[in-house]
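A.B. asks: Before we start, here is the structure in question, set down as structure tokens.
The values are calculated or read from the model by the stated rules, or taken from the named source; none is laboratory data. Computed from a predicted model, the values in this text were never measured in an experiment. Positions of Cβ are generated from backbone atoms using ideal geometry, with glycine treated the same way; all protein chains shown enter the neighbour counts.
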Amino acid sequence: MRKFLALFIWMCVFFPLAVTAMTLTSIRPWILDRAFYERIVNDGRIYDALFAEALPNQFNRQVFGAAEQLPLGALNSALREVVTPDYLRTQSVNIVNEVFDFIEGRDGNFDVSMDFAPIKAALAGEGGQRFANTLAAALPTCTSDQKPVAPGGNLVRCIGDNMSIGAAAAQIVQALPTALENVPDRILLSNPVNLRQNWNWAEWFLGVTVRGGFDIGILVVIVSTLIVGGFLAYVGGDDTRGRLRWLGASLIVPASLFVLMGISLATPIIDGPLRAELSFTQWDGILYSEAFQRAIGDMVISITQRVGSGFLLTGVVSCLIALFLIALSWRASGSEHHAVKLVQVPVRNS
């Protein structure tokens, strides 16, 4: 009966706890590593995706407003005149720093934002003319029920009858200051969060950073696993030898699983299958450049191999601990057997 109870505890409690503890321990070295994410966002090739759709959409929503909605394709081409990959890279690094300042407790406010002042300055200067020329050249012809300028708007959204591209560009240059006058220098990309104002019920937690809370969570899971493992060994084994063997055998199963996952993810064998899968993946029907697809492949493979390295290291260490416990069980077995021999008393026949 005790063996069945021990097996039930292992399957329903110990194994899930051990896997959770090993997973958290594996990802801890990189998941909160600021430099890791800075290296990812420093790859300029990934910003091709922003130009494809995300950036024009963001401009339509937060910069030009509802009355100034421009065709995404034309806006995409025009934005390349004033928004450079270096600017996007700088903003991405700043966002990473803002997130990690919050995680590390340096800033109690969480508000991911983009510095729009350089773009406003570019549109107000020489860049505004280039933006207008490119936008006007890419605008579609107005339909029968469309006007070149939307009601309540200022920017030309389509080329009307008897309107030249040059005239449309001149109108855009003239309307840009009005369209941008209410745009702030910083554009929020997330809802702001202030811990002290919004989480009054968690004042006791404010002294602990997100990083510290994560570390405490890992410690709690590890301690819980050790407690359950000790109880499991007590229930499953009848003596020291049996308890050590139960504990070692219980640990070696999830440890071996992590070794196998680590080998499959950390070694170059994953490179080919991942790239092949990504090459057939379509994101929202958008056709991205080959350079962008390679960049995404490099990023995914880098993250996957980092995860695999953590799994492999954690699995190997856990396997060594499990084997050590099993070896101790053999030693305990030999000691107990030797102790029994010492107390034997020979019987003499009279």
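A.B. asks: Going by what's in this entry, would Leu219 be described as crowded, with 16+ Cβ neighbours inside 10 Å and on the phi < 0 side of the Ramachandran plot?
C.D. replies: Answer is no for this residue.
A.B. asks: Answer yes or no as to whether Ser256 is within 27 Å of Gly242 (Cα to Cα), surrounded by fewer than 19 Cβ atoms within 10 Å (Cβ to Cβ), at pLDDT 75 or above and not acidic (Asp, Glu).
C.D. replies: yes
A.B. asks: Only one residue in Gly105, Gly127, Gly152 is closer than 14 Å to Pro177 by Cα and among the small types (Gly, Ala, Ser), so which one is that? So that I can check it myself, show each step before the final result.
C.D. replies: Working: Gly105 fails: closer than 14 Å to Pro177 by Cα; Gly152 fails: closer than 14 Å to Pro177 by Cα.
From the options Gly105, Gly127, Gly152, the qualifying one is Gly127.
A.B. asks: Name the residues in region 18-33 that are among the hydrophobic types (A, V, I, L, M, F, W, C), part of a helix (DSSP H, G or I) and over 19 Å from Gly237 (Cβ atoms), would you?
C.D. replies: Val19, Ala21, Met22, Leu24, Ile27, Trp30, Ile31
A.B. asks: Could you list all residues from region 114-140 that are within 33 Å of the chain's Cα centre (by Cα), touching a residue at least 60 places away in the same chain (Cβ under 8 Å) and assigned to a helix (DSSP H, G or I)?
C.D. replies: Result: Ala117, Lys120.
A.B. asks: Please indicate, with yes or no, whether at least one residue in region 76-85 is under 21 Å from Met299 (Cβ atoms), at pLDDT 75 or above, part of a helix (DSSP H, G or I) and under 21 Å from the mean Cα position of the chain (by Cα).
C.D. replies: Within region 76-85, not a single residue is under 21 Å from Met299 (Cβ atoms), at pLDDT 75 or above, part of a helix (DSSP H, G or I) and under 21 Å from the mean Cα position of the chain (by Cα).
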